[in-house]
Each structure stands twice: as C-alpha cells, then as structure tokens.
Protein chains: 2
Amino acid sequence: MKLEMGRHLEEEEDDDIRSEDERIEIDHRHDQTAAIDGEIFFIPPLNFSMVDTGVFRSGFPNVSNFSFLETLGLRSILYLCPEPYPEPNLEFLKSNGIRLFEFGIEGYKEPFVNIPEDTVREALKVVLDVRNHPILIHCKRGKHRTGCVVGCLRKLQRWCLSSVFDEYQRFAAAKARISDQRFMELFDVSSLKHLSSPLTCFKK
Amino acid sequence: MKLEMGRHLEEEEDDDIRSEDERIEIDHRHDQTAAIDGEIFFIPPLNFSMVDTGVFRSGFPNVSNFSFLETLGLRSILYLCPEPYPEPNLEFLKSNGIRLFEFGIEGYKEPFVNIPEDTVREALKVVLDVRNHPILIHCKRGKHRTGCVVGCLRKLQRWCLSSVFDEYQRFAAAKARISDQRFMELFDVSSLKHLSSPLTCFKK
C-alpha cells in the first residue's frame, strides 16, 4: 500500500511522462462559457499569458476555454506535444480558421533529458513569422516545453539569462527543472538572428 | 543576536512596509545595458510581463532596465507608490516623452488592510484609455499593488475569479495575500463598464 502511494505521488510529480498509448485527457464537461447570475465570464487556459504582441502561451486549452480564445482572434496555434490533437479542439480550429502547427516534443523525466534543439528552432521560426500572429504556444501544462520555447525566444529578444530563468520559473513554479534552464542557456540563437520579427527587442 | 536575526527576517517578509522617511532605494550602480563578449543584453524590470496589447506590469524599474524599457516605446507609466519618483527615473521619462501618472497607494501589512477602491478605480481609467498606451503599471515589487490593479482589470475583461487569482499568485508567489484577493473579489467594476477599451474580452 505504501509503495502504491509512493508510486502515485511520483506520477503526480512527473505528469509530463505518459505511456505511448495514453491520450491527453481533455475535460469536455464544461460549457463553453461560465455564467454567474446571468453575467458571462471567460476562462483562460491554465497558465495563460501574453508573451509579446501577437504571441500568447498557455497549458492545454479545453472546451471551457474556447470562448476566451475566440476573443484573441488567433490565426494559429503552436502545439508542442506528440499526442494527436483532440477532436473538439480540431473542430474549434476549423470553425475559427486557425492553423495548427505541430512540433511534438516528448515529455521527459530528469535526468533522461532530450529536448530536440532542431525542433525548438523550427518552432521558433513559426513564432517569429508575423503572418502566423496572433499565435498561441501551448503544451500540456504550459510549464516545460512551452517554457523552453518562450525562453529561447527571450534569448533572441536579447533578454539577459537571469530574466529568462525568472520568467520560466514563474510558470513552472515548484516543477522548475535545471535541465530546461540548461537547455535554454546552451541554445544557440545565432542561426535565427537573420529573421525579421515584429517582436520587441528583436534587433539584428 | 537571535532576536536581531528574527527582526531582519520579518523585515524581509514585509518589504512593503516603510517608515515615512524611508525612500525607495534604487540601484544606480549598473550600466544601462549589460554586455557580455560584446553582445548587448536587455534587463527587464523585476516581475515584468505583458498584461494585454499596450499594457505592461513590473516591479520598480531602475537604471539597468531603462534600455529595455526604451524598446517598449512607452507613452506612459502608472506608478502606484506614495514615495516621490526617483530623479533618474524622472529624467528617463523626460528624455523619452513618457507621461507619469501617480496613484500613491500605501504599502500595508495584513491585517491592517486599506486598499483605496476609488484610487484603484481612477488608476484603471488611465489604463483603459488607449491614448496612454503603451503603458507600464508598476509599484515596488510588482506583486501586491500592481497585482490588485491588474486583477481588477481582469474582472473588467470578464475573467473568472479563479483565473484572476491564479495570475495574481503567479506574481506574488509566497507573498500572496488573502486580503488582496478579497479586495479583487469585492471590487465593483460596474461603474467602469461604460468605458471603451481596445483590450481583449472588453465587452459592454
């Protein structure tokens, strides 16, 4: 019993680890909008934030977040998990004319770290392209994979590393990983500097 | 010695409490930009983030943050502390044509809570006015006073309360205050709903 408890806790801690057959479970029980006393409220996705003009970040959006996402007028979504995109989300994209970019990065568990640098680089090209804006970057929790992509974007924007890490930690909180921060530190942005971008601090 | 240690820790915990004579100390030792191996890096202010298009939030900017702030092309700054604005910051504003709006809200210590609702309401009118954009909202740490103003703005944007609190806690972290969250919950946005604003989710 004690062993099982331990195992359960470990799984909770490392919720980015899933077996291949495991699908991301999206909660479809909610209505698209919440209403209290006749007033309509919006529900942003978990860990939602604006990164820069036309660039947003979050955890996995579910049906309850769709009406909020509509207010952003998204042109594209950058999805960073290898699991197939859920059907309700695909329908939402279709009905709102939103393009899906998929760059599947496996969830992992320290110290078995393997963030594919080339994949992050290709993902960043999509984010930098103003024709894809407004764009939402998301993975499952909006902490590790999204945090790494946004962190590399900040390096391109010439943020000093301590500020990059501070922002990463704000979203990852207790789940912050040294390995992610090392990845961002070592990520070479030089091959992306020739790209033009409307983002702030983006100077060649 | 033990007592002194305890006192020191307590002061660290409650860094929003200052005597009337105490001035906000700004670190002017840094150069305006950091350079490593000839590359220039930007240093965003403590707790910096984009709130919405044309609206930013942070802790107190010092000289080391000025070149970063220049990239935002700010038109105004909303300053939420009662202490006089430091001379180097006033010079920065002058040389960049940035207007300063001051709404001095005292730092406080629970349970002696007195966030002036009218002041927050007037501050929000400044934030909602697109003529003041891009605007930076800041206090000292970018946690409590800034967090309350942004939280009330989110209510105006019809965010559900749990999302408002989640965002507040992301910035306040271990210093999150129930009293701030209660203030946001009870804050009446109805008198501001008639205002027009370019912010997302801002519907009458």
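What number of residues in segment A:128-170 are more than 19 Å from B:Leu72 (Cα to Cα) and surrounded by 22 or more Cβ atoms within 10 Å (Cβ to Cβ)?
Number of matching residues: 15.
Scan segment B:52-71 for residues that are crowded, with 19+ Cβ neighbours inside 10 Å, within 8 Å of chain A (Cβ to nearest Cβ) and more than 18 Å from A:Gly151 (Cα to Cα) and jot them down.
B:Asp52
Condition first: modelled with pLDDT under 95, touching a Lys or Arg at 6+ places or on another chain (Cβ under 6 Å) and basic (Lys, Arg). Can you find one or more residues in segment B:174-192 that meet it?
yes
I'm told B:His194 meets every condition in (1) in contact (Cβ under 8 Å) with a residue 12 or more places away in the chain; (2) over 23 Å from B:Cys81 (Cα atoms) except one. Can you identify the failing condition by its number?
Every listed condition holds for B:His194 apart from (1).
Filter segment A:73-87 down to residues that are within 14 Å of chain B (Cβ to nearest Cβ) and either buried (at least 18 other Cβ atoms within 10 Å of the Cβ) or β-branched (Val, Ile, Thr) (or both), then give me how many there are.
Qualifying residue count for the region: 1.
When B:Asp180 is evaluated against the numbered criteria (1) open to solvent by less than 10 Å² (accessible area, probe 1.4 Å); (2) within 14 Å of chain A (Cβ to nearest Cβ); (3) within 20 Å of A:Arg170 (Cβ to Cβ), which criterion, by number, is the only one it fails?
(2)
Do the conditions hold for B:Ile98, that is, is it in contact with a helix residue (DSSP H, G or I) (Cβ under 6 Å, 6 or more places away or on another chain) and more than 13 Å from every other protein chain (Cβ to nearest Cβ)?
So B:Ile98 does not fit the description; no.
Of the conditions (1) in contact with a Ser or Thr (Cβ under 9 Å, 6 or more places away or on another chain); (2) open to solvent by less than 20 Å² (accessible area, probe 1.4 Å); (3) within 14 Å of another protein chain (Cβ to nearest Cβ), B:Pro198 clears all except one; give me its number.
With respect to (1) in contact with a Ser or Thr (Cβ under 9 Å, 6 or more places away or on another chain); (2) open to solvent by less than 20 Å² (accessible area, probe 1.4 Å); (3) within 14 Å of another protein chain (Cβ to nearest Cβ), B:Pro198 is out only on (2).
Take A:Arg57 and decide whether it is among the charged types (D, E, K, R), touching a Phe, Trp or Tyr at 6+ places or on another chain (Cβ under 9 Å) and under 27 Å from A:Arg154 (Cβ atoms).
yes
Do you know which residues across segment A:150-204 are among the charged types (D, E, K, R), closer than 24 Å to A:Gly54 by Cβ and assigned to a loop (DSSP other than H, G, I, E, B)?
A:Arg158, A:Lys193, A:Lys203, A:Lys204
Within the bounds of segment B:164-173, is there any residue that is more than 10 Å from every other protein chain (Cβ to nearest Cβ), free of Cβ contacts under 8 Å to residues at least 12 places away in the same chain and under 21 Å from B:Tyr108 (Cβ atoms)?
no
Exactly one condition in (1) within 12 Å of chain A (Cβ to nearest Cβ); (2) under 25 Å from A:Tyr168 (Cα atoms); (3) touching a residue at least 24 places away in the same chain (Cβ under 8 Å) is not met by B:Gln157; state its number.
(2)
The values are calculated or read from the model by the stated rules, or taken from the named source; none is laboratory data. Predicted model only: the values in this text are computed from it and were never measured. Ideal geometry is used to build each Cβ from the backbone, glycine not excepted, and the neighbour counts take in all protein chains shown. The protein model used for the area step is the full one, side chains on, heavy atoms only, and it has no ligands, DNA or RNA in it. Shrake-Rupley method; radii C 1.70, N 1.55, O 1.52, S 1.80 Å.
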